[in-house]
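The values are calculated or read from the model by the stated rules, or taken from the named source; none is laboratory data. Keep in mind that what you see is a predicted model, and the values were worked out from it rather than measured. A quick note on method: Cβ atoms are made from the backbone with ideal geometry, for glycine too, and the neighbour counts reach across all protein chains shown.
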Amino acid sequence: MEQDTKAFQRVYTKLFQLTKATVSLHATGVGNDELAIVDGRPAQVVKIMDDIVTLQVFQGTEGIATDAEVVFTGKAPTLKVGDDLTGRFFDAYGSPMEGSKEIMGKEIEIGAPSVNPVRRKQPSEFIATGIAGIDLNNSLVTGQKIPFFADPDQPFNQVMAMVALRAKADKIILAGMGLTNDDYLFFKNIFDNAGALDRIVGFINTTENPPVERLLVPDMALSAAEYFAMEKNEKVLVLLTDMTLYADALSIVSNRMDQIPSKDSMPGSLYSDLARLYEKAVQFPDGGSITIVAVTTLSGGDITHAIPDNTGYITEGQLFLRKDTDVGKVIIDPFRSLSRLKQLVIGKKTREDHPQVMNAAVRLYADAANAKTKLENGFDLTEYDERTLDFAKAYSEKLLAIDVNIEVEEMLEIAYQLFAKHFSHEEVGLRQEYVDKYWKEN
Amino acid sequence: MKTTGKITGIIANLVIVETEGTVAQNEICYIKHGDEHLMSEVIKILGKKAYIQVFESTRGLMVGTEVEFTGHMLEVTLGPGILSKNFDGLQNDLDKMEGVFLKRGEYTYPLDVKKKYEFKPLSKKGDSVKAGDWLGEVTENWIPHKIMVPFKFNGNFKVKSIENKGKYKIEDTIAVLTDDDGKEHKVTMIQKWPVKMPIKAYKDKPRPFKIFETGIRVFDTLNPMAEGGTGFIPGPFGSGKTVLQHNLSKNAEADLVVIAACGERANEVVEIFTEFPELDDPRSGRKLMERTTIIANTSNMPVAAREASVYTAMTIAEYYRAMGLRVLLLADSTSRWAQALREMSNRMEELPGQDGYPMDLPAIISNFYSRAGFVYLNNKETGSITFIGTVSPAGGNLKEPVTESTKKAARCFYALSQQRADSKRYPAIDSLESYSKYLEYPEIIEYLNENIDSKWTENVHYAKDTLLRGKEVFEQINILGDDGVPIDYHIKHWKAELVDFVILQQDAFDKTDASSSFERQSYMLEKVVDTCKMDYEFDDFEEVGAYFKKVINQFKQMNYSEFDSDEFKKYEKAVEKTLKERRVEKDSDKDEDKAEEKSKEKKAAKPKEEDDGKESKSEKQKDKKDKESKSEKQKDKKDKDSKSEKQKDKKSKDK
């Protein structure tokens, strides 16, 4: 990280206490949260007691000697923002990766105050992704925050990249926390190949970087998002992957600060820490918006673990990926997935029959699931059960699978085709008006 | 002279201040950080060191910065103009704040000092008054807002002078009172009160004895809330807590609603901001927002202010209760408040209790719940605060400390079930898991029997028993398969489904079904219970489901129609007709008893036998009683009034 030493900066060279992650020294005139450079490594003030200042060194304290140079910068961590952020990738400190040139622009503090709730607008703009499992069943809305709950072996990064590229966002900001280098290169290539680099900004902490650095990444990304959404009135989509690794970094820090852990050895402030980030999702009055799509990896599908559990209370729904072995494809699970804000757009911004078609299809899919259980338990299937099973297979393949890429109208048409093929009007139970208007017998 | 001090330590939002002067526990102080004055509260004092929690971000604070103590605790300003405002947890008027982002250290006055209110005196010169007594009245929106003797006034006072009818601003003196020593005190329309102290300007606080009508059947019919009662709704995420709270605030029989949005999603608060000003209040015919006050501390706002927000809301509710109003207080969610307590306790390095929560968490929670209640004011008028809080149990586990502590404090428990939410059975309250302790209060039972229907409690218990039996047989059906159980099991299952679909489930988005009056609930309950008490004949289990689906659908159409309208009656007739198709007419009590015996035998060797035995006994008694009144009632249901009802009951008891 580049840092020119200026005249007013205070330099100290006497550390009297070093732990794995922190150093302490005697210093005065230091502000809380202030950024400092310890032996060339960025560090942040986490505790001040009289003239004793404790700094958290993001990269760890290996090799730091008691006479190491400590320079206080006089400010909290900042990010330089400007139009030339686009198309580039940065590290956790907001410095360009791979040696490209510094950003020219104004410097803003990261982790700015929250939006006054009475100034927020109610989210109301539909985000089309082309994936029917999302658009049809769990429609996303600008200003929403929603995570994928996925097991580590599922292709969540691929799905997220797809969502990002198809969503008609003005800017896509990728916050990579603990990304493997392979995944970082995947994102870079896919954005490059799609010719979308001019809409992309990346803040990346890979597994090669120290884990505590991750804590800065989402704040950097969201500060950049706020800049574009607030000052340029742009629709910004922020991708946070993977929030579980972010939370792990939180627990490392709290552990090193001797804090008493709460559930699942997470810090007691986990809810507030996560909410602070997710709540940056907002619809601004002047048209700009920040939408957050995140990934929370689960261990063994356990959503009662503190990380997914707290996340679920904060976000507006969640999306589950599941491998459907009947069709051999990854689908968006219609039962466990939920978008809490979909009511704001479906049937209003999309075709009027959207909510009914969505519910009918999911209900029939649920009937199929019941039929399957019957089958597994050795009971006989009725003729209706057989039909629901056929329907479920086609529904899964043609609509739920993540490789689908069509417009909402077409999704609705396909749904009607499937209904007509497998069921009678009465069994589907749509409002008569819609049946007359849209139902076509095959 | 105000006490001042200097910062000596900073750990996140806990700041340590060294001071020579007098400092009180919970005193408010301001950190003078440049132009920004950051509000904080003393939470611990050790020698010369005061530990303060800062209600704002502490970024950039330095050791040596001056801190000024105010000499008072966290107070709210009470007076006309609170209604339909949007406050933050410290009662700042959010609408008055400039800019899109909240600025640190920006505080706005909660009321409007320029607005003139039409004042009408309610007391006269020479009257003897004390704290909480009504001096006058202004109209706030449509609520008569009483101007009271400030709650802080101790002892007895005499009204020396009071202003005449006319328009006054809230800071104008409207009365002068003299105390026992002859000292004069000026009274304006506003007063201040520390939020952590309960306002006790009332005469008596009896046990709740009245029912609080919410219009929601799972509450009113199955587990009713009492006026001035307390309840809580725990539930995993996605189970519909927030929708339920919104419905409560829309339909409950309250004069006004105070909502503490405590550490929840900002977009949910925005939903209230956007929708409530548009929604019609079904009770007053005006807009819902006119009787609603929102205290918003969303999850990204500073943690320490979150704790304050629930107290601010409670104090505002207490203020309106003292005017003789029925207040509904909703807090979503109290778990976030408890988490805020945990964060501070952790920073102060206190020894933690279970899950890292402070040891005194149960005490703090019960103390807070105890501030709700029904009261008789000094002038014999009544007022009440009905409090319903939500709890967000970690991992949906109800054995965690916040849920358990709340369970000890609240009298009603409304269990939201993920399973019901998943199968879209809304409201997703599991009525069997839930309870209302008020149903055990003799004064409540008496109230219900007198004011609603003499058979009400009986019917409620019958409906609950039907649900329980339905649940038990459904488990058996699932294990043994559809054709592995007697048809009787299917009938029992579908009777429970009937209660579930017609009584429990309610469409919050349907104009008619969203709110159901007690009269209507009583009528429908009786109908459904009567239907459940009948015997039905089927040849095949598949017929049972199809038949009951039809009955349920017709009943549901009744729910969707205006009560007592032609449409309603049309569907009612349809129900009657359908029921006749399969109903087995009972001839005498004897036969019925035999049938009971038989079904008991059938079920023998099942573990639930004991319960059933008990139920059927009481059923028999009930049935006998019912018979008496039924024949008469069916002839003319609408004309029944509670008097003749009671007489009938007496008769049957005499027999």
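Look at the range B:302-318: where a residue is away from chain A (no Cβ under 12 Å) and a partner is charged (D, E, K, R), sitting 6+ places away or on another chain with Cβ atoms under 7 Å, you get B:311/B:196; B:314/B:371; B:318/B:371.
Elements of the type strands (runs of 3 or more DSSP E) sitting completely within the range A:235-349 and holding at least 2 residues that are crowded, with 23+ Cβ neighbours inside 10 Å and within 14 Å of chain B (Cβ to nearest Cβ): these cover A:289-297, A:317-324.
Residue-wise test of (1) under 17 Å from residue B:216 (Cα atoms); (2) in contact (Cβ under 8 Å) with a residue 12 or more places away in the chain.
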| residue | (1), (2) |
| --- | --- |
| B:384 | no, yes |
| B:419 | no, no |
| B:426 | yes, yes |
| B:432 | yes, yes |
| B:439 | yes, yes |
| B:452 | yes, yes |
| B:491 | no, yes |
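Scanning the range A:140-166 for residues that are over 18 Å from residue A:342 (Cβ atoms) and part of a loop (DSSP other than H, G, I, E, B), we see that the one that is nearest to the other protein chains (Cβ to nearest Cβ) is A:151. Only one entry in A:98, A:102 is in the same structural domain as residue A:280 (by TED's automatic domain parsing), surrounded by fewer than 15 Cβ atoms within 10 Å (Cβ to Cβ) and not in a helix (DSSP H, G or I), namely A:102. Being more than 12 Å from every other protein chain (Cβ to nearest Cβ), surrounded by 19 or more Cβ atoms within 10 Å (Cβ to Cβ), in contact with a helix residue (DSSP H, G or I) (Cβ under 8 Å, 6 or more places away or on another chain) and under 23 Å from residue A:215 (Cβ atoms) is a condition met by at least one residue of the range A:20-43. Can you name the residue in the range B:274-296 that is surrounded by fewer than 19 Cβ atoms within 10 Å (Cβ to Cβ) and facing another protein chain (nearest Cβ under 9 Å) and, of all such residues, is nearest to residue B:347 (Cα to Cα)? Checking each candidate, the answer is B:274. Within this structure, residue A:299 fails the test of being at pLDDT below 90 and within 20 Å of residue A:110 (Cβ to Cβ). Among the residues in the range B:440-447, are any surrounded by fewer than 22 Cβ atoms within 10 Å (Cβ to Cβ), assigned to a helix (DSSP H, G or I), modelled with pLDDT under 95 and touching a Ser or Thr at 6+ places or on another chain (Cβ under 6 Å)? Taking every residue of the range B:440-447 in turn, at least one turns out to be surrounded by fewer than 22 Cβ atoms within 10 Å (Cβ to Cβ), assigned to a helix (DSSP H, G or I), modelled with pLDDT under 95 and touching a Ser or Thr at 6+ places or on another chain (Cβ under 6 Å). Within the range A:301-339, being within 24 Å of residue B:269 (Cα to Cα) and out of contact with any Ser or Thr (no Cβ under 8 Å at 6 or more places or on another chain) holds for A:309, A:310, A:312, A:315, A:337, A:338.
Looking at this structure, is residue A:370 surrounded by fewer than 20 Cβ atoms within 10 Å (Cβ to Cβ) and under 28 Å from the mean Cα position of the chain (by Cα)? No: the conditions fail for residue A:370. As a summary of the residue check, residue A:114 satisfies the conditions (1) surrounded by fewer than 19 Cβ atoms within 10 Å (Cβ to Cβ); (2) under 24 Å from residue B:88 (Cβ atoms) except for the one numbered (1). None of B:366, B:299, B:335 is under 17 Å from the mean Cα position of the chain (by Cα) and within 11 Å of another protein chain (Cβ to nearest Cβ) except B:335. Please indicate, with yes or no, whether at least one residue in the range B:136-149 is modelled with pLDDT under 95, farther than 30 Å from residue B:518 by Cβ and in a loop (DSSP other than H, G, I, E, B). Within the range B:136-149, none of the residues are modelled with pLDDT under 95, farther than 30 Å from residue B:518 by Cβ and in a loop (DSSP other than H, G, I, E, B). Do we have any residue at all in the range B:310-320 that's polar (S, T, N, Q), more than 14 Å from the chain's Cα centre (by Cα) and over 21 Å from residue B:510 (Cβ atoms)? Yes, the conditions are met somewhere in the range B:310-320. Of the residues making up the range B:68-87, those that are under 19 Å from residue B:26 (Cα atoms) and of a type in the set (D, E, K, R) number 2. All of B:43, B:10 fail the test of being closer than 30 Å to residue A:35 by Cα and either buried (at least 20 other Cβ atoms within 10 Å of the Cβ) or acidic (Asp, Glu) (or both), apart from B:10. Among the residues making up the range B:51-72, those that are over 17 Å from residue B:304 (Cβ atoms), in contact with a Lys or Arg (Cβ under 7 Å, 6 or more places away or on another chain) and within 14 Å of chain A (Cβ to nearest Cβ) are B:64, B:65.
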